[in-house]
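Throughout, read-outs are computed from the coordinates displayed, never taken from laboratory work. Values in this document were obtained by computation on a predicted structure and should not be read as measured data. Using ideal geometry, Cβ is built from the backbone for each residue, glycine included, and neighbour counts are taken over all protein chains shown.
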Amino acid sequence: MLERLKDLLRGELQAEATERGPFERRLIAVAALLLETMYVDRVASPVEHQAVRRLLAAHFHLPPEEVTALLAIADQRYAEALDDWEFAEAVRVGFGPAERQEILTLLWEVAYADGLERLEDRLMSRIAHQLELDEHAIADARATASARAGVLRGTPGEQ
């Protein structure tokens with residue numbers, strides 16, 4: 001950790017392009033951002049935990065045991081990270097614009113899972129800009145997540 005801080009201060013810290021292990025760096029980055037969305041308000045509800053697992057399984061076509069392994073790695077990387085920039089940068093570099101928009105939608109879905117908090121809203125805005133999405137893509141991602149989460153129908157968590 002100390003070496004990473006020294007590298008950051010020297011301007012030598014780069015988003016890692018590859019990851020040693022069973023998952024690509026970009027998948028770990030998505031999982032870490034989903035975890036950050038869940039943790040940002042300091043209350044990780046069971047509904048958010050379920051949403052993160054469901055979204056990873058569905059979006060990346062992962063069986064439950066792989067979701068568990070991915071989340072364990074992502075949780076460790078998240079705990080070691082100095083900033084979420086490294087995860088956002090790995091997603092920005094690792095996915096095209098449409099995929100980045102869909103990933104932002106997934107993040108919004110976690111934020112809506114147990115009711116949107118101010119900290120989650122701020123996090124989404126910052127990550128959206130780090131992913132280099134335009135305002136139209138950001139609005140579409142939020143609207144899609146809202147509809148998927150049932151926010152417009154007044155029944156959060158409903159699909």
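Under the rule a/c < 1.5 gives rounded, and otherwise a/b versus b/c splits prolate from oblate, where does the range 77-140 land using the Cα gyration tensor? The shape class here is oblate.
Here the simple spin-label model places points 7 Å from the Cα toward Cβ, and for Arg54 and Asp121 these points are separated by 2.4 nm.
Once the piece of chain linking Ala81 and Ala143 is laid out straight, how much longer is it, given 0.36 nm per residue of separation minus the C-alpha distance between them? The partial results should precede the final answer.
On the way: separation 62, 0.36 × 62 = 22.32 nm, distance 2.98 nm.
Length gained between Ala81 and Ala143: 19.3 nm.
The gain in end-to-end length when the Glu65 to His129 segment is fully stretched comes to 19.8 nm, 0.36 nm per residue minus the alpha carbon separation. Note on the range 18-149: dipole from Cβ charges, positive end direction compared against Ile103, Val40, Met124; the farthest Cα belongs to Ile103. Among Arg53, Arg25, sorting on how many other beta-carbon atoms sit within 10 Å of each Cβ, with the fewest leading, yields Arg53, Arg25. Computed on the Cα trace of the range 18-149, the radius of gyration divided by the Kirkwood hydrodynamic radius gives Rg/Rh = 0.92.
Can you sort Tyr112, Tyr39, Tyr78 by how many other beta carbons sit within 10 Å, fewest first?
Numbers: Tyr112 23, Tyr39 16, Tyr78 20.
Ranked by crowding around the Cβ, least crowded first: Tyr39, Tyr78, Tyr112.
Taking other C-beta atoms within 10 Å as the exposure proxy, Trp108, Trp85 rank Trp85, Trp108 from fewest upward.
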